[in-house]
Amino acid sequence: MSIEDNLFTCGETPIWIPSTFDENALPKCISCTVRLTAKLAGPGNVNTRAEGLLLNENPTVTLALNGIQHSLVETILTFPGAHRYKGRPNPCVAELFLYFQNTRDFTQHACVAIPLDIGKGSTNRYFSTLDTGIRNDRPTVASVFPTESKYLLYKGADLRGRTGDDPRPRALCEPVKKVITYYLALTPSLILAKDLARLQALSGAADAVGKATGPPKPVSEVVQARLLRLGTLVDEIKIDTTSDDAKTDAGISTNAMKCYKLDPSKDIVKEKVYVGGVDRPGDRTLAEELAKATTQFSEDEASNGSIKPGDIENTLGIVMGVIVGVVVCAVLAYLLWKHVFTNYLQTQRLYNVPISATSITESLPKVSGIAGIPSIRTIFCPSK
């Protein structure tokens, strides 16, 4: 069996979905569990590269494929997009690629591809804050993911290192040097026109007149039967992120902070981190906040003198413990008395009737003694 029977080659990747294709005809990956975890936003600065822009995204972003962790290694924004939806003569205006590497087997790679259209939506803020300097209101990359989108899962040749000028370099494609597991969003996200123009200018694509820049583009629709055989439909990618993307408070939860050097006297207030001390709701330090919280707790305890459920529970526990202890001791005493000191009371009654020595001697027979020998009565009761 040829390797081409198991994946899409450089001539087919990125794929062009056939215009008559029905995504519901794809076999569903019922056992697939895909979860993206993005707790922190990246700096957002950019660098140019052949396909477009390399985004400086937070390296703590991970993708879990059936529980196997993949760490983010590259985030690339291309102009225009690479994949082509069905019924469209051209790819989308841009496309965001998130490349992940298996944390156990470094040869295994996955990529989430999100095509972009021009329009207003919740995903605009991510692109509006790219390369705008250091700021603490940037959303995480999770905010780019389209809501309620399905994903096309397929294996294909790596797009990195390939451009519109050279879509099939021999060193990468003959044979395919690196295979990527793609998760292509079947619903595009949105970017504002002004942000698209600004980011395109940063990439230099607008200055390349007459030059095929950007990623490689599909030249023809993929064979539908081949797509049905190699493609799989994933219903969703679960997103694990903080609520900071929709918040008005500029602080970040301390539980989410991992790699930033902080000054507790300036950056931490209550359980929030304000990087650089920006937008702090007060001038108190972390130590002062903790001392204030402890004092407030003590005052609340002192002011509340009523009986609490815990006091009743403790009292009942003591009473029940004493009762049980007395019963147990009584039972042990009874068993000890019964089996160790057998017939003790009956024995004691033998000595309850005192008998005088006179009564004993009076009952003895009076026998005359032999000469020189006193009588028995005299022996027992000698005369005065």
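Odds and ends about this structure:
- Simple spin-label estimate for PHE106 and LYS28 in nanometres, 7 Å along Cα-Cβ: 3.9 nm
- Gap separating the Cα centres of the range 131-182 and the range 61-81, nearest whole Å: 8 Å
- A cut-off under 14 angstrom between Cβ atoms defines the neighbours of PRO18, and their net charge, with Lys, Arg +1 and Asp, Glu -1, is +1.
- Potential extension, ASN136-SER71 segment - 0.36 nm per residue separation minus Cα distance: 21.1 nm
- Trypsin sites (Lys or Arg not before Pro) restricted to the range 112-184 and DSSP loop, no more than 16 other C-beta within 10 Å: LYS120, ARG135, LYS177, LYS178
- Spin-label pair ILE239/ARG198, simplified geometry with 7 Å Cα→Cβ offset, distance in nm: 2.1 nm
- Per-peptide average of other Cβ atoms within 10 Å, ordering 215-222, 29-36 highest first: 215-222, 29-36
A short reminder: the numbers here are calculations on the coordinates, not readings from a lab. Just so it is clear, the model here is predicted, and its values are computed rather than measured. Positions of Cβ are generated from backbone atoms using ideal geometry, with glycine treated the same way; all protein chains shown enter the neighbour counts.
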